[in-house]
Amino acid sequence: MGWSTRHMLFLAFNWERRRHVQWILRSLVYLLILLLFSQIFSSVHASEDRFVYLAVTQLVILGCRKITFSIEQDIQCRNWPTLMLLPSSYFLRKVEEGLGASLWSCAVLAVAACIFGPFCGIISWPPAGRIPLALLCGLLSLIIQLLMGFWIGLLTFWLRDVRNLYFLNLSATFLFGGLILPIDLYPAAFRHCCFLTPYPWILWAPASTIVNGTGQLLLKVGGALAWIGIFCWIAHRTMARLLQAIQLRG
Amino acid sequence: MGMASQFRFLSTAIRLNLRAMVEYRYELIGTCLTTFFKLGLFLATWLMFFHEYQDVHGWTFREMLLLSGLFNVSISTVEIFCYGLRQLPIMVDNGQLESFLLQPQNTILLCAFSRGKMANLAEVVSGTIFIGLSGYLWAMPLQIFAVIILGVLFSFSLLLYLACLAFFLHGGNELIQEIISAVRIVASQPSSALRGLLQFLSLFVVPIAFCSYFPIEALRQHSMGLLALTAVGTIVFFRFSCRTFYYCLRHYESGSHGPNL
């Protein structure tokens, strides 16, 4: 790994830290969504666990950096030197850049949730013993999202506009990952279908670790690692095809 | 400029936009399909919620379908013909408004109709299907038609109102687009549960209650009073947005440096 990729994570983290307006606004949006759902959940007399679950799923979704659009821009502007000529891998650079920025965003949102959570209805916090595993699941979730985002971004070369595909993927994440309700509450047949997709490892794994504890450790961590492997392979194959197509077509 | 010439200008702008947009028809079909799935998945998420909890302050999945349908039809109709409103922050940021300011036509209409996005047709069709599925379309078609017209006017005003932020936030296009997304997220949730601060924000700061809470409640309760309130609120917000735009225009900095003498 070259110098630039090794340090990209820290550079992106610091760069995101300096974008005050963006992260303040994102925190406000996050708190507004939490307030909105706290009112919705209290009107249906849902338990506090449901709300804590939603706070974690929203954090994971809002905190993750949308690298798809920066890749889309690189391809649409035919910024081939960035893709091909730099000594470090474009794939590693983009994923690390996204991860660095996402880590800062998630940290800020988590702090916002801790400070303002009581105003939104979070009274009791989960035991501290659950947090390390939840952090690990959260990290794996961010990596899966970034890998999916990277792959969708690369598709710009063939599809011209990937915005709809990006939002389709986001909607699929909401449903199959269990954004509002944990997928444990879905009908059994549909729940099994959800576990055939990567989405439960994006939302359900970190949120249910916080709410329900550290059970199903192998499923949560092993499944996420398997999906990371699959997406790394898909992204590498797509990247190789893209570079081949650029060399052929120019 | 008279009403007749304004109307002629509008119809020409719409025709030109439609012609330009159907040029990429296969891409359009692909976009329509992905949009159907995208909105379907979003609503399926809410279906799971209403499967667990039957209603939110009287709103069931039917009202959620209606809300989602109305909101998508309204905002997408505006984006199909008036995508210029979404581009307005970039134009203000780059100092490119002169070409519109120097024309004899209405500046807001010129900016709004300068671009179109036909791909949003899929959202209009999906939205109409959702309204149909909610059962309200067949029960009260006239009221639905009125609410859609008001929703289109509201969405136009909302995009114009939020775009005005660009006059004060230099390089803030990304931020404004994020605010628009956030407003869209909040507006498409069941607003019957809102109270306190959120109720205040949705009535007086970004008055999304006039395109979510009031029209849905008007249809649900068969209340002509609430429908009239929706109409008055929408028209007042439209006038307010136009005035805000012209007020903010005083802060506009041109990108042109004039002739190099």
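Can you pull out every residue in region A:25-48 that is assigned to a loop (DSSP other than H, G, I, E, B) and either hydroxyl-bearing (Ser, Thr, Tyr) or facing chain B (nearest Cβ under 7 Å) (or both)? Even if it seems obvious, please write down each step before you answer.
Narrowing region A:25-48 to residues assigned to a loop (DSSP other than H, G, I, E, B): A:44-47.
Result: A:Val44, A:Ala46, A:Ser47.
Residues in region A:142-167 that are aromatic (Phe, Trp, Tyr) and without any contact (Cβ under 8 Å) to a residue 40 or more places away in the chain: A:Trp158, A:Phe167.
Scanning region B:187-196 for residues being over 16 Å from the mean Cα position of the chain (by Cα) and either at the interface with another protein chain (Cβ under 7 Å from one of its Cβ atoms) or crowded, with 18+ Cβ neighbours inside 10 Å (or both) gives a total of 6. In a residue-by-residue description of region A:194-205, the property of being in contact (Cβ under 8 Å) with a residue 40 or more places away in the chain and polar (S, T, N, Q) applies to no position. Which of the residues belonging to region B:28-47 are more than 7 Å from chain A (Cβ to nearest Cβ), over 20 Å from the mean Cα position of the chain (by Cα) and among the hydrophobic types (A, V, I, L, M, F, W, C)? Listed by number, the residues that qualify are B:Leu28, B:Ile29, B:Leu33, B:Trp46, B:Leu47.
Restricting attention to region A:185-205, the residues being more than 11 Å from every other protein chain (Cβ to nearest Cβ) and in a helix (DSSP H, G or I) number 8.
Every listed requirement among (1) surrounded by fewer than 17 Cβ atoms within 10 Å (Cβ to Cβ); (2) of a type outside the set (Lys, Arg); (3) not in a helix (DSSP H, G or I) is met by B:Phe204 save one, (3).
Here the condition is being at pLDDT 90 or above, buried (at least 19 other Cβ atoms within 10 Å of the Cβ) and over 20 Å from A:Ala226 (Cβ atoms); of A:Leu147, A:Leu109, it holds for A:Leu109 alone. Checking every residue in region B:168-186 against the condition of being crowded, with 17+ Cβ neighbours inside 10 Å, part of a helix (DSSP H, G or I) and in contact with a Phe, Trp or Tyr (Cβ under 7 Å, 6 or more places away or on another chain) gives zero matches. Among the conditions (1) without any contact (Cβ under 8 Å) to a residue 60 or more places away in the chain; (2) touching a Ser or Thr at 6+ places or on another chain (Cβ under 9 Å), A:Cys77 misses just one, which is (2). The helices (runs of 4 or more DSSP H) found wholly in region A:94-184 and carrying at least 1 residues that are away from chain B (no Cβ under 14 Å) occupy A:131-154, A:156-159.
Among the conditions (1) under 11 Å from B:Gly69 (Cα atoms); (2) surrounded by fewer than 22 Cβ atoms within 10 Å (Cβ to Cβ), the only one that B:Ser134 does not satisfy is (2).
Within region B:48-62, if we keep just the residues that are in a helix (DSSP H, G or I) and either among the small types (Gly, Ala, Ser) or farther than 16 Å from A:Ala46 by Cα (or both), the residue that is farthest from the other protein chains (Cβ to nearest Cβ) turns out to be B:Arg62. Filtering B:Ile149, B:Ile144 for residues that are assigned to a helix (DSSP H, G or I), of a type in the set (Val, Ile, Thr) and crowded, with 20+ Cβ neighbours inside 10 Å leaves a single hit, B:Ile144.
Restricting A:Ile40, A:Ile75, A:Ile67 to those that are at pLDDT 80 or above and within 19 Å of the chain's Cα centre (by Cα) reduces the list to A:Ile67.
The values are calculated or read from the model by the stated rules, or taken from the named source; none is laboratory data. Keep in mind it's a predicted model, so treat the numbers as computed, not measured. Glycine gets a Cβ as well: all are built from the backbone with ideal geometry, and neighbour counts include every protein chain shown.
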